[in-house]
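In what follows, a structure is listed as structure tokens, so that the remarks can point back to it.
Computed from the coordinates by the stated procedures, all read-outs in this text should not be read as laboratory data. The model shown is predicted, which means the values in this text are computed figures rather than measured ones. A quick note on method: Cβ atoms are made from the backbone with ideal geometry, for glycine too, and the neighbour counts reach across all protein chains shown.
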Amino acid sequence: MQELLQLNQSLEESDPTVHLEELVPGIVSTYQAIAEEKGITLGYTIPAGFPAVAFPSSWLRRILQNIIHNSLKFTPEGGRITVQTNLRSEGVEIAVIDTGVGIENSDIPKLFDSFYRGRNTLSSSVEGVGLGLTIVRHLIEQCGGKIEIVSQVDKGTIVKVIFQESSD
């Protein structure tokens with residue numbers, strides 16, 4: 001709940017440009033031990049010379065942490081999670097791709113609602129109150145970005161976040 005209250009932090013207080021090749025490896029490495037313990041392969045791919053994004057680094061860190069954390073919760077032993085970057089016509093895309101349990105198509109629009117938990121989590125022992133993606137969407141929209149989720153039950157999920165390129 002405290003995170004939701006802090007979301008109104010002024011953008012001027014943060015570094016407005018992020019170089020993904022500097023930020024993503026550190027975030028992924030913080031989850032390596034958890035992934036190894038669960039028998040999950042976790043990695044990332046960022047092409048050399050990839051453009052920076054116009055987004056506060058502390059917010060991008062929080063976004064990736066929430067998405068990777070969700071992937072780890074819903075990917076079974078032997079699965080894979082990959083963070084990769086792509087250039088799209090509308091900007092820079094960061095995609096978190098997992099081979100997890102997937103999400104019902106009817107649940108995807110509701111995932112961003114506060115306290116919502118998908119049907120595949122209700123009977124499981126997965127912890128959480130359902131605020132992670134609410135926070136993620138709020139931060140992304142504050143900076144003019146967007147988020148897309150594509151999923152297939154028993155196949156996995158792709159969470160795509162699209163940001164504007166930095167003019168630096």
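7 Å from Cα along Cα→Cβ at both ARG80 and VAL153: what's the point-to-point distance in nm?
Label-label distance for ARG80 and VAL153, simple model: 2.5 nm.
Hey, if you put +1 on the Cβ of every Lys and Arg and -1 on every Asp and Glu Cβ in segment 14-163, which of SER58, ASN105, SER71 ends up farthest toward the positive end of that dipole?
ASN105
Using the Cα gyration tensor of segment 75-114, with a ≥ b ≥ c the square roots of its eigenvalues, what is the shape: rounded (a/c below 1.5), prolate (a/b larger than b/c) or oblate (neither)?
Numbers: a/c = 2.87, a/b = 1.17, b/c = 2.46.
Cα axes put segment 75-114 in the oblate bin.
Would you list, by chain and number, the lysines whose Cα falls below 23 Å from the Cα of LYS155, excluding same-chain residues fewer than 8 positions away?
LYS38, LYS73, LYS110
Which whole-Hz ³J(HN,Hα) couplings does segment 25-32 yield from phi under the Karplus relation 6.51 cos²θ - 1.76 cosθ + 1.60, θ = phi - 60°, glycine and proline marked x?
x, x, 5, 4, 5, 5, 9, 4
Under the rule of at least 5 residues apart or a separate chain, name every residue whose amide H is placed under 5 Å from the amide H of ALA52.
SER166
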